[in-house]
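Reading through the structure tokens given below for one structure.
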Amino acid sequence: VGYAPTGTSGRNTRYQRADVLNTTGLYSIMRNPLYLGNYLAIIGIVLSLMVWWLPVIVTLLYWLYIERVIAAEEAFLSKTFGAAYLTWAERTPAFLPTFALWIPPETRFSFKRVLRREYNGVLAVAASFFVIEGVLDIVFERESVADWFADDNAWFVVLLAGAAWFFVLRFLKKKTGLLHVREN
């Protein structure tokens, strides 16, 4: 995300958008590095539950979901960038990286870009661990809510820190120019 050119790799919920075809950096070794990163974050949380069959189910559900997203994006990119996209897609694997294909990123790393675009993930991870820990202790171990908060208040602190991170960065993104990234 820190290397992604403006107008690419967005959270497009209303329409597809790509101002340029990003084929360097992580996109030189695989076509969908952000989806692999999302999967690794999700599977990491799921693995923390130590239930052997849950990662299998989550992997299958994620694949069913992300396959449709990837198909829509690839159709859009093929239509938008034509032969350039098809040439890149032909040599670049969709999901499992081929490190021998590495081409350094064309843009410089921008920590501001990371902060501007990835604050949702911090809150999602913090909330996930808070909810998982609460459900395991309160529902399955039958611990009272008061006892859980007394024993595991660190999870509440993690949730509050994630929420504070989210709201501060969202405010900075929406109401100030502090996270604006100048293109090189």
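How far, in degrees from 0 to 90, does helix 33-47 lean away from the longest principal axis of the Cα atoms of the chain, to the nearest 10?
The angle comes out at about 20 degrees.
Pick out which of Val46, Val122, Val145 has the largest mean-square fluctuation in a Gaussian network model of the chain, springs linking Cα atoms closer than 10 Å.
Val145
Average projected area of the Cα convex hull of segment 20-93, in nm²?
Mean shadow area of the hull around the Cα atoms is 5.4 nm².
Taking amide H atoms as placed 1.01 Å from N in the peptide plane, list the residues 5 or more away in sequence, or in a different chain, whose amide H sits under 5 Å from that of Gly25.
Ile103, Glu106
State to the nearest 20 debye the size of the charge dipole of segment 1-155 about its Cα centre, where the only charges are +1 on K and R beta carbons and -1 on D and E beta carbons.
1000 debye
Between Tyr62 and Asp151, 0.36 nm times their residue separation minus their Cα-Cα distance comes to what?
Length gained between Tyr62 and Asp151: 28.7 nm.
Per residue, how much space in cubic angstrom lies within the convex hull of the C-alpha atoms of segment 95-139?
125 Å³
Just subtract the alpha-carbon distance of Leu178 and Val114 from 0.36 nm times their residue separation and send over the number in nm, one decimal.
21.8 nm
Compare the Cα positions of Leu47, Ala161, Ser144 along the charge dipole of the chain (+1 at Cβ of Lys, Arg; -1 at Cβ of Asp, Glu; about the Cα centre) and return the one farthest towards the positive end.
So the residue furthest toward the plus end is Ala161.
Build a GNM of the chain with springs between Cα atoms under 10 Å: which of Arg170, Arg142, Arg108 gets the top mean-square fluctuation?
Of Arg170, Arg142, Arg108, the most mobile in the Gaussian network model is Arg142.
Helix-only estimate, please: 222 nm mean residue ellipticity of the chain, summing -39500 (n - 2.57) across DSSP H runs of length 4 or more and dividing by its residues, to the nearest 500.
Theoretical 222 nm ellipticity from helices: -20000 deg cm²/dmol.
Just the number please: accessible area per residue for segment 1-92, 1.4 Å probe, all protein chains included, in Å².
61 Å²
With unit charges on the beta carbon (Lys/Arg positive, Asp/Glu negative), name the residue among Ile57, Phe111, Val181 whose Cα is farthest towards the positive pole of the charge dipole of the chain.
Value computed over the given set: Val181.
Report the relative contact order of segment 1-61, percent, no decimals, based on alpha-carbon pairs under 8 angstrom and at least 6 residues apart.
Dividing the mean separation by the residue count of segment 1-61 yields 21 percent.
Run the accessible area of the chain with a 1.4 Å probe and give the carbon-and-sulfur part as a rounded percent.
66 percent
Calculate, for Ala72 and Thr98, the FRET efficiency according to 1/(1 + (r/R0)^6) with r their C-beta to C-beta distance and R0 41 Å; round to the nearest 0.05.
0.95
For Cα pairs less than 8 Å apart in space and 6+ apart in sequence, what is the mean separation divided by the residue count of segment 30-184, i.e. the relative contact order in percent?
27 percent
Mind pulling the angle between the C-alpha long axis of helix 54-91 and the longest principal axis of the chain? Nearest 10 degrees, somewhere in 0 to 90.
Here the helix axis deviates by roughly 20 degrees.
Kirkwood Rh, Cα Rg: Rg to Rh for segment 116-184?
My calculation puts Rg/Rh at 1.19.
Among rounded, prolate and oblate, which fits the chain when a ≥ b ≥ c are the square roots of the eigenvalues of its C-alpha gyration tensor, a/c under 1.5 means rounded, and a/b larger than b/c means prolate?
oblate
To test your reading of the geometry: what angle, between 0 and 90 degrees and rounded to tens, separates the Cα axis of helix 119-134 from the longest principal axis of the chain?
Value to nearest ten degrees: 30.
What's the FRET efficiency of Leu54 with Ala83 using the Cβ-Cβ distance as r and R₀ = 41 Å, to the nearest 0.05?
0.45
The values are calculated or read from the model by the stated rules, or taken from the named source; none is laboratory data. The structure presented is a predicted model; accordingly, all values stated were derived computationally and were not measured. Because the Cβ atoms are built from the backbone with ideal geometry, glycine has one as well, and the counts that use them run over all protein chains shown. Side chains are part of the model used for accessible areas, which takes the heavy atoms of the whole protein and leaves out ligands, DNA and RNA. Shrake-Rupley method; radii C 1.70, N 1.55, O 1.52, S 1.80 Å.
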